[in-house]
Amino acid sequence: MALLTPEDLKNINKQLQEADSAVRRVTGLDIKGICKDFYGTTPCCEKVGIVPVTSGNGIIGSFSESLHAITEYFGFDSFVTDMPDVSGYYEAVKNGAQIILMADDNTFLAHNLKNGKIANNQPCTGIIYAEIASRYLKADSKDVLAVGLGKVGFPGVAHLVHKGFRVYGYDADRALLEKTVSSLGIIPFDPVNPDSPRKFSIIFEATPCADTIPESVISENCVISTPGIPCAISKELQKKYGVELVMEPLGLGTASMLYSVL
């Protein structure tokens, strides 16, 4: 997945509210309701320490502040440490943090210091977007198109397969596609191949590429559940087919992580 930019995180509260509305239209529950129902957990005064990390490409502008807004939105008491890195970790623990949130170029994690549970953002993001897709109230079948089978997409597809969905999958990386077909038993599908026309009411997309969903696979009023940045579908196609788009850059995956470690 692509690294986030400050532009992606603008107006994070507005993005969360819009995502909440979309998830409610698709599933009948808001994001907190989905997380509570799926993980069987509820926040209970847990204090979250958000630690900026300077390694690699360094701190993404607005990232820590966005995490603070997200955690507060979902009912957690949180704070951003003044110091980064190891000093920030020490500061978070000394100030009573029970859950640590921190990220470098490769890993974004939540670690519950009280019960030892730890979560990685990539699988947690894939799973929560797949779970939302699986609950689509207007789905016309158990068929799902999955585009993108990497570190976010593969866990999401595994979740859908486990729930009994028939998953048609595609990835531009042939090795990833073959691995997923072999290990999960999905059906290989090329959405841009005119010889295999098929429309889906449920589409799960997890790539860092724009416009990965062609018109040929979109059914009327389908759902596209995607953590991918930039957007997988053009605004024209979204409007033409009345697509329910569940897309938000950071909050859903963060909520999934936090609820999973409670």
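The values are calculated or read from the model by the stated rules, or taken from the named source; none is laboratory data. The model shown is predicted, which means the values in this text are computed figures rather than measured ones. All Cβ positions, even for glycine, are placed from backbone atoms using ideal geometry, and neighbour counts span all protein chains on display. For accessibility, only protein heavy atoms count, side chains too; no ligands or nucleic acids. Shrake-Rupley method; radii C 1.70, N 1.55, O 1.52, S 1.80 Å.
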For the range 221-236, give me the residue count where each residue is open to solvent by 30 Å² or more (accessible area, probe 1.4 Å) and in contact with a strand residue (DSSP E or B) (Cβ under 8 Å, 6 or more places away or on another chain). 2
Taking the range 152-183 and keeping only residues that are over 22 Å from PRO197 (Cα atoms) and surrounded by fewer than 17 Cβ atoms within 10 Å (Cβ to Cβ), one is left with HIS162, LYS163, GLY164, ALA175, LYS179, SER182, SER183
List, please: which pairs have Cβ atoms under 7 Å, are six or more places apart or on different chains, and start with a residue in the range 12-37 that is more than 20 Å from ALA139 (Cα to Cα) and end with one that is part of a helix (DSSP H, G or I) and among the aliphatic types (A, V, I, L, M)? ILE12/ALA69; ILE12/ILE70; ASN13/ALA69; LEU16/ILE70; CYS35/ALA255
Residue tally, condition in a helix (DSSP H, G or I) and closer than 18 Å to LEU16 by Cβ, over the range 28-37: 6
On the given criteria, is ASN193 of a type outside the set (A, V, I, L, M) and touching a residue at least 24 places away in the same chain (Cβ under 8 Å)? no
Which strands (runs of 3 or more DSSP E) does the range 178-262 wholly contain that include 2 or more residues that are hydroxyl-bearing (Ser, Thr, Tyr)? 218-225
Testing SER182 on (1) without any contact (Cβ under 8 Å) to a residue 24 or more places away in the chain; (2) polar (S, T, N, Q); (3) closer than 21 Å to ALA255 by Cα, one condition comes back false. Which one is that? (3)
When the range 85-105 is checked residue by residue, the ones that are surrounded by fewer than 19 Cβ atoms within 10 Å (Cβ to Cβ) and within 26 Å of the chain's Cα centre (by Cα) are ASP85, ASP104, ASP105
Only one of ALA133, ALA139, ALA110 that is open to solvent by less than 50 Å² (accessible area, probe 1.4 Å), under 21 Å from PRO227 (Cβ atoms) and under 14 Å from the mean Cα position of the chain (by Cα): ALA133
